[in-house]
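What follows is a set of notes on a single structure, which appears directly below.
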Amino acid sequence: MAATRPRVDWLVPTLKPVLFAACLLPLLLLVWRLVDGTIGPNPVEVITHDTGDWALRLLLATLAVTPLRRLTGWRWLVRLRRMLGLFAFCYAMLHFTTYLWLDQFFDWQAILADIAKRPYITVGFAALLLMLPLAVTSTKGWQRRLGARWKQLHRLVYAIGVLAVLHYLWLVKADLLEPAIYAGVLAALLAARMPCGDWWRRCCRRRLVGAGRQDVSAVR
Amino acid sequence: MLIKRPNDIPASEITPQSVYLRRRELLRAAMAGVGAAVGGAALLSAPAARAGAPIADVRPSRFSTDETPTERELITSYNNFYELGTDKGDPKRNAAQLQTRPWQVVVEGACEAPGVIGIEDILRDFPQEERIYRLRCVEAWAMVVPWVGFPLAALLKRFKPTSQAKYVAFETLYDPKMLPGQRRRVLDWPYREGLRMDEAMHPLTMLATGLYGELLPSQNGAPLRLVVPWKYGFKSIKSIVRITFTEDEPPATWNRMQPNEYGFYANVNPDVDHPRWSQKSHRMIGEGLFARKRPTLKFNGYGEQVAALYAGMDLAKFY
């Protein structure tokens, strides 16, 4: 474990600003399209869909960190996870704000009726609510304060993933292809965490051992 | 509270109506000149089949709303026409793949004179009118479209429906080569729609051949589409190749796929929500980011003309 540390010390500090910029790019692009008028006939729809898409993509990226780390042995990946999760939350908030403001114009009666009556909005709203405590407790301080319970709490992300995919699946009119792709990716990422997902972990450990790596324990 | 609408569409992009009307006159005059030289028959077949070619002798209609039409650019780039792709921008992107000449419409079923009619004959035989109608999509957005076309009743009468004709069924072209969206089974192709006979014969119901004075672009359902302004947009079937008089209620694509979400009647009705969203209000396309939605009117504001068709019917049940 100690042996791998110096090797990647420069990596995460370098990658963090790059990842930050990359996560911000979809938002900047959206603002640009809005400013230069190429956003199309229904800007509110584009903003709603785009922010929702990126919230979901970044959520799945967050969920991909652990399987990817196990697969590759790159332990430093975990140190990028918080940023991915917080950006997923940011896009989800933008998505929700667009709905509250540009779609409903803060008509609270209509909004509450929507949340209660429309299953896809109910699950979407639930996903957002569940993200809230995770975003708040994402800091080092909270991690320390909560100790073992932090990990338990942050397992909520699995439920959030399921709710977010349901939110998309249930709002589509006919063409289920895109939400089905997201559902498939989510299913794969969750399956990789199941005990039965161990086979490929063992498989890749064997590969690493075969390659002469001694720090196999780090792969766990 | 005063909400200022941002001017997100530069005034320079909007073609003043006077200019576009004048251009049409110029073209018409030019064509008349050609016609005089070449002869009447040549004139009649002269208009290019190309989308955007001007339609001659379009008369105004008393059924037009005085609301400002949505910009042409918006009407032709924001389309639900799954045959050309499920994204709103797909139909325009794929429009060139749909060839609309030659084009024939088969009319059959419970009628005395079944037959086939070509699009050029349709354009020649039925006086074309401009009708500016509100269009309300089931997805809670709306436009105002200056259609060109003629009453559906005029065409139907020519084929002499019998007393058995209680409904009229419509069918869109099925041709995955020209309609790339049909290569995947997103909907149960070909798209089908239907009207009750009295709805079909209603003077507001029209077959559209154009918009903004010009032949329909493919993405708007060229070369011939239905327009029923008091019903949700999906009833107004595009690129029609078959019209059938039937005794029983014909199948309608969305209705068959999701009967709890899309009724056979599909009359615009703010009191009957789509199960997944409210139908109480809608967004006007082209009004910009901060424009508020507008309240949706029953029968899309055409109640005075059409409410009688549904007298005694429970519209919450027959939605």
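Things worth noting here:
- Linear extension gain, B:E112 paired with B:R183, 0.36 nm per residue minus alpha-carbon span: 21.9 nm
- Virtual spin-label span in nm between B:A53 and A:M194, 7 Å along Cα→Cβ: 6.0
- Potential lengthening of the chain between A:L156 and A:W170 amounts to 2.9 nm, from the contour at 0.36 nm per residue minus the alpha-carbon distance.
- Degrees between helix A:11-36 axis and first principal axis of chain A (Cα, 0 to 90, nearest 10): 20
- Too-long pairs where the Cα-Cα distance tops 30 Å, listed order kept, from A:K16/B:K293; B:K92/B:K231; B:K88/B:K293: A:K16/B:K293
- Debye intensity ratio in log₁₀ form over the Cα atoms of region A:2-203, taken at each q of 0.15 Å⁻¹: -1.07
- Taking a Cβ cut-off of under 9 Å around B:S236, the surrounding Lys, Arg, Asp and Glu residues balance to a net charge of +3, with basic ones at +1 and acidic ones at -1.
- Our estimate of slack between A:L132 and A:W108, defined as 0.36 nm per intervening residue step minus the Cα-Cα distance, is 6.6 nm.
- At R0 = 22 Å, FRET efficiency that the Cβ-Cβ distance of A:V78 and A:L27 yields, to 0.05: 0.35
- Spin-label zone in region B:129-167 - amide nitrogen under 16 Å from a point set 7 Å from the Cα of B:T65 along the C-beta vector: B:131-148
- A crude spin-label estimate for the pair B:K317 and A:K16, with each label 7 Å from Cα along the Cβ direction, gives 6.7 nm.
- Reachable lysines from B:K160, criterion Cα separation under 25 angstrom, eight or more residues apart if same chain: B:K235, B:K238
Read the figures in this text as sums done on the coordinates, not as results from a lab. Since this is a predicted model, take the numbers as computed values, not measurements. In this analysis, Cβ positions are derived from the backbone assuming ideal geometry, glycine residues included, and neighbour counts consider all displayed protein chains.
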